[in-house]
Amino acid sequence: MLPALSRLRFPLIRICGIVPRKKKHTITMADRFFPNEMPDFVAEKAAEEEEAAAGDSLGKLLSMPYPLLSERLKRAALDLKETIVLETWGMTGQRVRDFTLYCGTLGTAFLLFRSYQITKNINDLALCSQIIKTCDFASNSSRDVTFICGRAGVCALGAVVAKHADDADSLNYYLNQFQRIKLSRNLPDELLYGRVGYLWACLFLNKHLGENIVPSSSMREVVSEIIKNGRSLARRGSSPLMFDWYGEKYWGAAHGLAGIMHVLMDMDLKADEVEDVKGTLRYMIKNRFPSGNYPATEEDRSRDILVHWCHGAPGIALTLVKAAKVFRDKEFLQAAADAAEVVWKQGLLKRVGICHGISGNAYVFLSLYRVTGNPEYLYRAKAFACFLLDRGHQLMAKGQMHRGDRPYSLFEGIGGMAYLFLDMEEPLGAHFPAYEL
Ligand SMILES: [Zn+2]
């Protein structure tokens, strides 16, 4: 029998852009993205040249001195934040229907926390605490255990925000609640609902509160289970690790190999486990599409369509950037750069969010900028953000860009755009929300 939350889980496959196979003849890649007509690189003008610059409004944004642009993006982000708070909190009578970070109210709290980190506005932190408290109540009986879609996200974010607010009682409460989370034996391994989604919450706590808040010994049991499952589903001569979720062997960040390898790389692995992680990534690189994009699943190698964080090159690129850093291996960095080329050409999606939209795809360039320092990657991140700033609202108003089934949410809606705009303030400190630590 399927778990009670399957009603929520199956639609996620749909909203994450998996196209039903019977419709494949009617949907092409070109239907999914805007042709990227922006120049491959534009140098920034000096402040005094900026006002006299010719060209359309997008062209002017692309050549604007970075401090001016990031200020403009921040102002837009703070306006978006007000709208998002109003729509997801004020207008709902402060009731929580969906508590999750993915498409629910915790996503608003996560955005407020980022806003507080950037602006130091304590009102954002206070409202964030209040929202988490209501999410805590709403998620109390949830059996979902991950950061993005489960109880661990509420407790971990609650603890970190309590620490920033110097609220020791709440800090203890949320840490205590986190320790009560139980992982069932039939849990999947993937990021949105599975074991690595729980481990990510442990890493988030350790990053913000101290290395041993969740000791690696207590994560070890979960890691061993994941490795055991991955090896048992792998076939000889194929990937050393393989996983499935509801019968599909996904490759992407949300449900598949990329998300699982991404989190495993932050764990204390044994030497043979490290080799399996490297081997799995090399298997994916070797079997990517000729275009440089990646299949959504192990079985479906013929449809080169999805260029999303959830499925396809963007989510896998973030994992490859991390592999390059962790393993100090240029092969992974080159593969990440190849994937970023796909995102540049085919990732200007007709959707706004971070899961399967332009906002999320911009983080591929930010991630590569962080590890390489190459200004061309910062330009490309800036170009995707500028495209949204200049044209996003108009395209959404005309119905030419999808604003998401939950239009104010963090992962699908304008919440992700607001988060990206805030992150452009400190591009070297930018991280894909709830995925890059
Ligand atoms: Zn998605």
Some residue of the stretch 43-50 being touching a helix residue (DSSP H, G or I) at 6+ places or on another chain (Cβ under 8 Å), surrounded by 12 or more Cβ atoms within 10 Å (Cβ to Cβ) and among the hydrophobic types (A, V, I, L, M, F, W, C): no
Search result, residues across the stretch 250-267 that are away from the ligand (no atom under 16 Å from the Cβ) and either over 18 Å from Glu298 (Cα atoms) or touching a His at 6+ places or on another chain (Cβ under 7 Å) (or both): Val263, Leu264, Met265, Asp266, Met267
Count of residues meeting criterion [at pLDDT 95 or above and either surrounded by 24 or more Cβ atoms within 10 Å (Cβ to Cβ) or farther than 17 Å from His255 by Cβ (or both)] in the stretch 293-303: 4
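For (1) more than 16 Å from the ligand (Cβ to nearest atom); (2) among the β-branched types (Val, Ile, Thr), each residue gets a yes or a no:
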| site | (1), (2) |
| --- | --- |
| Leu157 | yes, no |
| Asn186 | yes, no |
| Tyr193 | no, no |
| Leu199 | yes, no |
| Phe204 | yes, no |
| Leu209 | yes, no |
| Val223 | yes, yes |
| Leu233 | yes, no |
Criterion (more than 16 Å from the chain's Cα centre (by Cα) and either more than 27 Å from Leu269 (Cα to Cα) or within 16 Å of the ligand (Cβ to nearest atom) (or both)) met by exactly one of Val364, Val342: Val342
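Rundown of residues vs (1) free of Cβ contacts under 8 Å to residues at least 12 places away in the same chain; (2) away from the ligand (no atom under 16 Å from the Cβ); (3) assigned to a strand (DSSP E or B); (4) among the charged types (D, E, K, R), yes/no style:
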{"residue": "Arg391", "(1), (2), (3), (4)": "no, yes, no, yes"}
{"residue": "Met396", "(1), (2), (3), (4)": "no, yes, no, no"}
{"residue": "Tyr408", "(1), (2), (3), (4)": "no, yes, no, no"}
{"residue": "Glu412", "(1), (2), (3), (4)": "no, no, no, yes"}
{"residue": "Met417", "(1), (2), (3), (4)": "no, no, no, no"}
{"residue": "Leu420", "(1), (2), (3), (4)": "no, no, no, no"}
{"residue": "Glu425", "(1), (2), (3), (4)": "no, yes, no, yes"}
{"residue": "Phe432", "(1), (2), (3), (4)": "no, no, no, no"}
Selected residue [more than 16 Å from the ligand (Cβ to nearest atom), of a type in the set (Lys, Arg), within 19 Å of the chain's Cα centre (by Cα) and surrounded by fewer than 24 Cβ atoms within 10 Å (Cβ to Cβ)] from Lys278, Lys325, Lys270: Lys325
Verdict on Ala335 being of a type in the set (A, V, I, L, M, F, W, C), farther than 18 Å from Phe33 by Cβ and surrounded by 24 or more Cβ atoms within 10 Å (Cβ to Cβ): yes
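The values are calculated or read from the model by the stated rules, or taken from the named source; none is laboratory data. On a predicted model such as this, the values are computed, not experimentally measured, just so you know. All Cβ positions, even for glycine, are placed from backbone atoms using ideal geometry, and neighbour counts span all protein chains on display.
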